[in-house]
Structure formats: C-alpha cells, structure tokens
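The block underneath contains the structure these notes are about, expressed in structure tokens.
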Amino acid sequence: LTTLLISHDACLDHATPRGHPERADRLRAVQAALAHESFNALARREAPPGEMAAILRCHPERHVAALEALRPESGEAFIDADTVMSPGTWQAALRAVGGATAAVDAVIGKQATNAFVATRPPGHHAEKTRAMGFCLFNNAAIAARHAQAVHGAGRVAIMDWDVHHGNGTQDIFWDDPDVLYVSTHEMPLYPGTGAPSETGAHDTIVNVALKGGGDAEEFREAFEAVVLPRLARFKPDLLIISAGFDAHWRDPLANLNLTEEDFAWATRELMDIAGRHCGGRIVSLLEGGYDLKGLAGSVAAHVGELMRG
Ligand SMILES: [Zn+2]
C-alpha cells in the first residue's frame, strides 16, 4: 500500500483573470514538484468527473443548476468579485469533486494508505447555497458525506489548516453531530467567520483563531493544545485534510509564517492520530496556497510525510 496522488489536467482549464491569485500555475507548480524522482513511489490516478449525486449531498439541486447555467461559452462569468467561471471551470470543478470522492474510495477500499488530491478550484469556502472565495463546490464536505453514504463511515473529521476559515465546511456541517470540523486560521482575515465561539449545534465545530505575525509557535501550540486532542477524542473513521498552504511565510494573502517543516510536522501529528483511530486513513485535498514556491515546497513536504505512512 502506498500514497495515491490524484489530479487532472482539466483543472488547468479553469481560467481566472490576470493577476488573480488562484491561477492554473498553482496546479502546474504542484504537479511539477510531485514529478520529482523522490515521488516515484506514489501511485497516480486521474480524477474522474464527480457524480451529481455526490454534489447533491452538500449542495441543493436548484443551486447547482443555477451555477451550471452561469457557465460562459467564452470569456468570464463572475459569481462574486473573487469567484469566476471560465468555459473550462465546470469540468474542472467536477474533476475536483471526482478526485475527492475517488480518493475516499481508494483509501477506504484499502487500495492506498492515504491520498493527496491536487485539483482546483478549491472548496472550503463553498457554502450549501453559495459559491464564493474561489470555490464552487465544497470538495472536502462532499468527500465526507460520500464516505458516510457510500462506505458507511460513521464519524468523519475534517482538519482545515488553510490560513482562511472554511466558512463553507462549517455551514454544511453546523448541525451535523457525525462530522467534526476543526480549523486553524488567521483572524481577522477573509471571510470573517471562524471565531472560537462558533461551535455548531452539537459542539462539533472547533475554530482556532490565530493572530499571526510571529513564527509558527502559535500554530504548533494550538495544534497540540486544541486540534490534536479534539481529533483524538472524536475518534473518526476517516480523516480529511483541507490542505491549504497559504499559511506559508511567503504567501501574499496572509501572515502566519509557517515553513515547509511546519506542514511536515502537522502532517506527522495527524498521521499519528489517524494511525491510532482510523487505520491511518487520510484523504488530503488541496485548498489554497498562492506563492508558487511556498506552495510547491509545502506540498512536497506534506506528501513526503504521507508517503512514510
Ligand atoms: Zn486560503
């Protein structure tokens, strides 16, 4: 058993306007980093197109139909000031969903120890009925519900270390006692949600707001004091990582100043939890990360650790 890497070049065809941080070059940088010979042991698979049934577990049909109707034949269609559809966006978004559910299938089906899904657009800002923040469909949430509906997983935990709060994931699981959502994020920062007082209807939302500006000590302390104990207590059947790398010190959108080694450390800690509670099953999905060098190096560090599982 090994680590599975899932990606698809259709995700390069989601075009964003010049100067937009969430751009195809991000995925090219990730793919190039993982093409290095040190990743030869990865199993590799193309993301299949996502199934509508999987999307509809998190987003209502009317909302999905309205988004599909926005698809432009040419040029761009703006969903909000940050979130845009190009002619290739719909297929890219479907591959991002399909990559997430295929990773769940492979990991729960014991074809891989764990999996990393390198796709775009990202997902964690996508609420039930609102696409926003560069995100169309909430890939992590769809993966969690897929694990429950198709594979009978009981409890699923989602750890989100993207530097932004995953308002979409929180929205979808606010009143769901079977999905634990844990987020570390810089605050104040976009989208403005994620205060520690936001705990969900069943105390299964855990928000850790970080001030930023210093080094990684604040992040590591929060991880040890809050994130790891909450995950361990929940005893998930599957651990999903919303793996954004915009908390890296080089990232232009935020100020948390993590390094590649911090992401490697956090990965090892999560693998330890997963090893003790869910047979090591981890599905990690690319979210943000907007400095190409910081992103590529951090993904390499993260996937390198996953491969040691
Ligand atoms: Zn982010």
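The values are calculated or read from the model by the stated rules, or taken from the named source; none is laboratory data. Just so it is clear, the model here is predicted, and its values are computed rather than measured. Please note: Cβ atoms are built from the backbone with ideal geometry, for glycine as well, and neighbour counts cover all protein chains shown. Remember, those area values only see protein heavy atoms, side chains included, never the ligands or the DNA or RNA. Shrake-Rupley method; radii C 1.70, N 1.55, O 1.52, S 1.80 Å.
Quick notes on this structure:
- Neighbour cut-off at most 10 other Cβ (10 Å), DSSP loop, chymotrypsin sites (Phe, Trp or Tyr not before Pro), segment 250-309: none
- All other residues whose Cβ lies under 13 angstrom from that of GLU224 are scored, Lys and Arg at +1 and Asp and Glu at -1, for a net of -3.
- A compact globular protein would have a Cα radius of gyration near 2.2 N^0.38 Å; the ratio found for segment 63-194 is 1.07.
- GluC sites (Glu not before Pro) within segment 52-158, DSSP loop, no more than 11 other Cβ atoms inside 10 Å: GLU73
- Estimated distance in nm for a label pair at HIS151 and ARG233, the labels positioned 7 Å out from Cα along Cα-to-Cβ: 2.6 nm
- Remark: the ASP215-ALA35 segment gains 61.8 nm on full extension, using 0.36 nm per residue and subtracting the alpha carbon distance.
- Here the Gaussian network model covers the chain, with springs between Cα atoms less than 10 Å apart; of PRO87, PRO236, PRO121, PRO87 fluctuates the most.
- Estimated translational D of segment 1-68 in µm²/s (Stokes, Kirkwood radius over Cα pairs; 37 °C; 0.692 mPa s): 224 µm²/s
- Qualifying chymotrypsin sites (Phe, Trp or Tyr not before Pro) for segment 105-167 [loop in DSSP, other Cβ within 10 Å: at most 16]: none
- Global form of segment 14-108, assessed from the alpha-carbon gyration tensor, a/c cut-off 1.5: oblate
- Shape parameters for segment 178-309, alpha-carbon atoms, Rg then Dmax in Å: 14.2, 40
- 13 Å beta-carbon shell around GLY304, net charge (K/R +1, D/E -1): -2
- Kirkwood estimate for the chain, i.e. one over the average of 1/r between Cα atoms, Å: 18.7 Å
- ASP175 paired with ALA195, simple spin-label distance in nm, labels 7 Å along Cα-to-beta-carbon: 2.1 nm
- Volume in Å³ per residue [convex hull over Cα atoms, computed for segment 154-216]: 72 Å³
- Additional length obtainable on full extension of the chain from THR2 to ALA225, 0.36 nm per residue less Cα span: 77.2 nm
- Our coupling estimate for segment 131-143, obtained by passing each phi through the Karplus curve with A = 6.51, B = -1.76, C = 1.60 and θ = phi - 60°, is 7, 6, x, 6, 10, 9, 10, 7, 4, 5, 5, 5, 4 Hz, Gly and Pro reported as x.
- Protein accessible area in the chain, 1.4 Å probe - carbon and sulfur %: 50 percent
- Across segment 19-31, computed HN-Hα scalar couplings (Karplus, 6.51 cos²θ - 1.76 cosθ + 1.60, θ = phi - 60°) run x, 6, x, 8, 10, 4, 4, 4, 5, 4, 5, 5, 4 Hz from first to last residue, x flagging Gly and Pro.
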